[in-house]
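Take a look at the structure set out below.
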Amino acid sequence: MADDRYLARGPRVGIRPFSAADREEFTALARASVPLHRPWLFPPTTDAAYDTYFAGVCEPSREGFLFCEHDTGRIAGYLTINNIVHGAFGCGAIGYGAFAHAAGRGLMSEGLGLVIPYAFGELGLHRLEVNIQPDNHRSIALVERTGFRLEGYSPDFLFVDGAWRDHQRWAMTAEMCRDTTAPHEAQ
């Protein structure tokens with residue numbers, strides 16, 4: 001994959017925007033990753049669902065990124081920044097997922113470590129928030145490793161897998177980002 005497709009590069013992954021052309025690879029990886037994702041997230045597994053998801057990622061209040069491995073160009077995971085509000089708020093809420101073949105290899109840490117400075121720099125945000133179900137230990141470990149701070153607990157926060165689920169609220173500000181080392185450099 002050509003370097004000019006990447007918005008930022010780390011040692012093993014680069015981040016790039018979603019495209020319509022990613023549909024076949026993304027949905028195949030999502031189908032293969034259902035056991036890993038459930039009950040936490042439900043990425044699109046069909047062409048129609050991907051098309052709807054992709055249209056949403058292209059809305060002005062959202063940004064979407066794919067984490068791609070340098071050696072193969074294969075999509076390892078994804079991240080979206082949702083509900084972006086500029087101005088005095090300067091905030092966005094992130095959601096993410098690894099695909100099964102990439103899970104446990106540190107690629108999400110590296111990708112998240114690339115998105116954070118991009119969000120605070122290029123996108124001009126001041127704050128990123130992550131809402132995680134308390135039993136999703138892998139996701140909590142990822143944000144802890146990356147330097148997010150736990151800010152609270154929200155009962156019945158998001159409707160996931162047929163029910164309103166409690167979530168922990170994690171956040172990072174631009175100032176916190178400047179005070180930490182990128183996760184892939186610290187490991």
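Values in this text are rule-based calculations from the coordinates and carry no lab data. Given the structure is predicted, the values throughout are model-derived calculations rather than measurements. FYI the Cβ positions are ideal-geometry reconstructions off the backbone, even for glycines, and counts take in every protein chain you see.
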Pairing a residue in the range 37-59 that is free of Cβ contacts under 8 Å to residues at least 60 places away in the same chain and closer than 18 Å to residue 83 by Cβ with any residue that is of a type outside the set (Val, Ile, Thr) and assigned to a loop (DSSP other than H, G, I, E, B), where Cβ atoms lie under 6 Å and the two sit 6 or more apart in sequence or on different chains, gives 53/44; 54/18; 57/18
Restricted to the range 43-89 and to residues being crowded, with 17+ Cβ neighbours inside 10 Å and of a type in the set (Val, Ile, Thr), the residue nearest to residue 22 (Cα to Cα) is 75
Apart from one, (1) within 17 Å of the chain's Cα centre (by Cα); (2) free of Cβ contacts under 8 Å to residues at least 40 places away in the same chain all hold for residue 166; the odd one out is (1)
Taking the range 97-131 and keeping residues crowded, with 21+ Cβ neighbours inside 10 Å and not small (Gly, Ala, Ser) leaves 99, 107, 108, 110, 112, 114, 115, 116, 120, 125, 128, 130
Over the range 42-77, the set of residues of a type in the set (Asp, Glu) and closer than 18 Å to residue 109 by Cβ is 69, 71
Of the residues in the range 144-157, those that are of a type in the set (A, V, I, L, M, F, W, C) and either crowded, with 22+ Cβ neighbours inside 10 Å or without any contact (Cβ under 8 Å) to a residue 12 or more places away in the chain (or both) number 1
Within the range 53-71, the residues that are assigned to a helix (DSSP H, G or I) and farther than 18 Å from residue 98 by Cβ are 54, 55, 56
Across the range 13-36, the tally of residues that are surrounded by fewer than 18 Cβ atoms within 10 Å (Cβ to Cβ) and not hydrophobic (A, V, I, L, M, F, W, C) stands at 6
